[in-house]
1. Keeping the other protein chains in place, figure out the carbon and sulfur percent of the accessible area of the chain, with a 1.4 Å probe.
2. Please figure out what share of the DSSP beta bridges in the chain is antiparallel and state it in percent, rounded to the nearest 5.
3. So for D83, D33, D124, D64, what's the accessible-area order with a 1.4 Å probe, most first?
4. From largest accessible area down, sort L59, L24; use a 1.4 Å probe on the protein chains.
5. What ³J(HN,Hα) values, in whole Hz, does the Karplus curve 6.51 cos²θ - 1.76 cosθ + 1.60 give for the range 100-113 when θ = phi - 60°, with x put for Gly and Pro?
6. How much mean residue ellipticity at 222 nm does the chain get from its helices, if each DSSP H run of length 4 or more adds -39500 (n - 2.57) and you divide by all residues, to the nearest 500 deg cm²/dmol?
7. Provide R178, R166 ordered by accessible surface of protein heavy atoms (probe 1.4 Å), highest first.
8. Please compute the per residue accessible area over the chain with all protein chains in place, 1.4 Å probe, rounded to a whole number of Å².
Amino acid sequence: MTLLEIPSEQYRERSIPVLETERLVLRAPRLGDAKVVKTLANDRRIAENTARIPHPYKLSDAEDFISSANRSNETVFLITARDVVIGACGFAQVDRHPPEIGYWLGTKYWGNGYATEAVRALIDHAFTDLDSEALQAAARVTNPASRRVLEKCGFQWTGAGLLRIRAISSSAPIDRFRLDRGLWASLKSWGAMKSRVA
């Protein structure tokens, strides 16, 4: 079978690796996931903390998100726990800037460490498989949980700014973060050393 014979959804899914952690599997979204993505993302608390998720979030929004995923400068994964979709994450490359990561979880999955686990998998993939030199991220100043996720993963605060939030049709203050390959490698080796000692 050639690339021309593979339906575009299957080709995009095959071109995105599956990332596995202790409790999670990160995989490419499929059109069959649209209903569950719609149900999870149709929560104002999620939409107000992301740049592009509208509120209300309709089935057509989920279908558009999935059909456009992994087409150009973005890599998108659905976060699954025991084959249940619980959120999404990924990163986008804009111009020559370092890739920017983003993530969200359905509210009933908050507070279980899933976001940190998923972001660590993204970071490892970006630095190990994609040879990124740095990553960037942002969190609304009113979202301390997201800030904690980034800090636990080694991101360092670099400044503040404004970001247009689709759900509120306005800009909101954000904190910006960055993680360089050298710091990531140091944290990985420190973690490995600590686990050997324990």
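1. The value for the chain is 52 percent carbon and sulfur by accessible area.
2. The antiparallel proportion sits near 95 percent.
3. My answer, sorted largest first, is D83, D64, D124, D33.
4. Result of the area sort, largest leading: L59, L24.
5. 10, 8, x, 6, 7, 10, x, 4, 6, 9, 5, x, 10, x
6. It lands at -10000 deg cm²/dmol.
7. Correct descending sequence by accessible area is R166, R178.
8. Counting only protein heavy atoms, the per-residue value for the chain is 57 Å².
The values are calculated or read from the model by the stated rules, or taken from the named source; none is laboratory data. Since this is a predicted model, take the numbers as computed values, not measurements. These area figures cover heavy atoms from the full protein model, side chains too; ligands, DNA and RNA do not enter into them. Shrake-Rupley method; radii C 1.70, N 1.55, O 1.52, S 1.80 Å.
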